[in-house]
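Undergrad: Okay, handing you the structure first.
The values are calculated or read from the model by the stated rules, or taken from the named source; none is laboratory data. All values derive from a computational prediction rather than experimental measurement. FYI the Cβ positions are ideal-geometry reconstructions off the backbone, even for glycines, and counts take in every protein chain you see.
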Amino acid sequence: MVIVSASYKTDIPAFYGDWLLKRLSEGSCGVRNAYGGPARLVRLDRSSVEGFVFWTKNVEPFRDGLAEVARRGYPFVVQYTITGYGRTLESRVPEAGRMADAVKRLADAYGPRAVVWRYDPILISSQTPVSFHVDQFGCLAARLQGACDEAVTSFTHFYRKTERNLAKLAAGTNLTWEDPADETKRDTFLILARIARENAMRLTLCAQPAFAGEALPAARCIDADRLSDVAGAPIEVAERGNRPGCACHASVDIGDYDTCPHGCVYCYAVGSRTTAQRRHRAHDAAREFLGPSTTAPLPPGTKIKQV
């Protein structure tokens with residue numbers, strides 16, 4: 001049995017919930033290999049899945065879908081990102097206060113162990129300096145107090161596509177950004193950790209091994225222990241991180257890159273906003289693969305690895 005991640009590659013609850021429910025009814029989904037390897041067939045029947053971890057910035061379109069997932073007997077945890085950076089940096093993300101209310105509704109319905117708040121990533125820019133993050137995190141933490149017990153954060157990783165998308169935005173807005181010194185990062189983490197404690201939360205760091213320690217523990221975004229608490233039964237899977245410093249338990253992700261149209265310029269999973277928007281428009285919920293119908297079909301005879 002496996003934990004299914006849905007998905008750190010795209011926002012399935014916000015944009016592809018209809019597809020997921022269809023795949024649950026069919027009992028499986030297809031997942032293309034982003035690096036050119038064989039596609040995989042992932043079984044989604046209850047006897048094959050320990051539970052789900054959903055990643056989202058807007059669960060509202062999938063609220064009834066979550067109820068259906070629960071009705072089918074799957075435990076789940078929602079990794080809910082709320083940063084409130086504004087339309088310039090997050091063009092289609094709902095207002096932060098509205099999403100904080102959605103987190104509280106999730107906690108009321110499924111318990112506070114079923115939802116984790118992500119203030120992630122921390123982008124230092126002319127619009128979002130360190131002082132902005134301290135104030136914003138404090139306001140959101142106060143609003144979310146009692147609804148969740150963990151806040152996950154990290155500073156932005158400046159991959160080439162991240163820098164390219166920021167540069168494109170800067171050309172039209174005079175935005176500036178920086179990757180701050182380690183001392184600034186550590187000091188900021190410690191301030192946020194104190195604010196989290198004051199609001200009955202624990203701050204954890206996602207894939208930031210240089211700063212992780214007793215005061216700043218590493219996050220486990222795919223967390224079998226948390227999922228066990230939600231399920232009311234032990235779930236045992238191996239630890240298998242996705243990148244250096246990642247403390248996650250093993251999972252299978254069923255998303256697809258370049259399919260999320262939220263428009264966050266710092267996003268690691270979207271190289272081109274235009275491509276993501278086009279692929280979302282082309283989405284067909286009846287297809288086995290989340291990827292759009294305009295994507296070339298698998299060649300005849302393609303071997304599919306079953307998970």
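Undergrad: Starting from residues that are surrounded by fewer than 20 Cβ atoms within 10 Å (Cβ to Cβ) and of a type in the set (Gly, Ala, Ser), keep the ones in the stretch 108-134 and report whichever is nearest to residue 53 (Cα to Cα).
TA: The selected residue is 111.
Undergrad: All but one of (1) aromatic (Phe, Trp, Tyr); (2) assigned to a helix (DSSP H, G or I); (3) under 16 Å from the mean Cα position of the chain (by Cα) hold for residue 55; which doesn't?
TA: (2)
Undergrad: Please determine, by comparing only the residues of the stretch 133-170 that are among the acidic types (Asp, Glu) and at pLDDT 95 or above, which one is nearest to residue 107 (Cα to Cα).
TA: Looking at the filtered set, the residue picked out is 149.
Undergrad: Now a separate question. Where residues in the stretch 272-289 are out of contact with any Ser or Thr (no Cβ under 9 Å at 6 or more places or on another chain) and part of a loop (DSSP other than H, G, I, E, B), which of them is surrounded by the fewest Cβ atoms within 10 Å (Cβ to Cβ)?
TA: Ranking the qualifying residues of the stretch 272-289, first place goes to 286.
Undergrad: Separate question: Here is a list of conditions, (1) free of Cβ contacts under 8 Å to residues at least 60 places away in the same chain; (2) of a type outside the set (A, V, I, L, M, F, W, C); (3) out of contact with any helix residue (DSSP H, G or I) (no Cβ under 8 Å at 6 or more places or on another chain); (4) over 19 Å from residue 152 (Cβ atoms), and residue 236 meets all of them except one; can you say which number that is?
TA: (3)
Undergrad: Do we have residue 74 as under 15 Å from residue 53 (Cβ atoms) and of a type in the set (Ser, Thr, Tyr) here?
TA: yes
Undergrad: Return only the number of the condition from (1) over 23 Å from residue 228 (Cα atoms); (2) part of a loop (DSSP other than H, G, I, E, B); (3) not small (Gly, Ala, Ser) that residue 45 does not satisfy.
TA: (1)
Undergrad: Taking the stretch 203-223 only, how many residues are charged (D, E, K, R) and either modelled with pLDDT under 95 or closer than 15 Å to residue 154 by Cβ (or both)?
TA: So the count comes out to 2.
Undergrad: Quick one: in the stretch 170-204, of everything that is under 20 Å from residue 140 (Cβ atoms) and of a type in the set (Lys, Arg), which residue is nearest to the chain's Cα centre (by Cα)?
TA: First pass over the stretch 170-204, keeping only residues under 20 Å from residue 140 (Cβ atoms): 185, 187-204.
From what is left, the residues that are of a type in the set (Lys, Arg) are 185, 194, 197, 202.
Working: 185: 22, 194: 24, 197: 23, 202: 18 Å.
Taking the candidates together, the pick is 202.
Undergrad: Could you check, for the stretch 277-289, whether at least one of its residues is over 15 Å from the mean Cα position of the chain (by Cα) and under 19 Å from residue 49 (Cα atoms)?
TA: Yes, the conditions are met somewhere in the stretch 277-289.
Undergrad: A follow-up question, please. Just checking, does the stretch 50-61 include any residue being among the small types (Gly, Ala, Ser), in contact (Cβ under 8 Å) with a residue 24 or more places away in the chain, within 20 Å of residue 104 (Cα to Cα) and surrounded by 20 or more Cβ atoms within 10 Å (Cβ to Cβ)?
TA: Looking for residues that are among the small types (Gly, Ala, Ser), in contact (Cβ under 8 Å) with a residue 24 or more places away in the chain, within 20 Å of residue 104 (Cα to Cα) and surrounded by 20 or more Cβ atoms within 10 Å (Cβ to Cβ), one finds none in the stretch 50-61, hence no.
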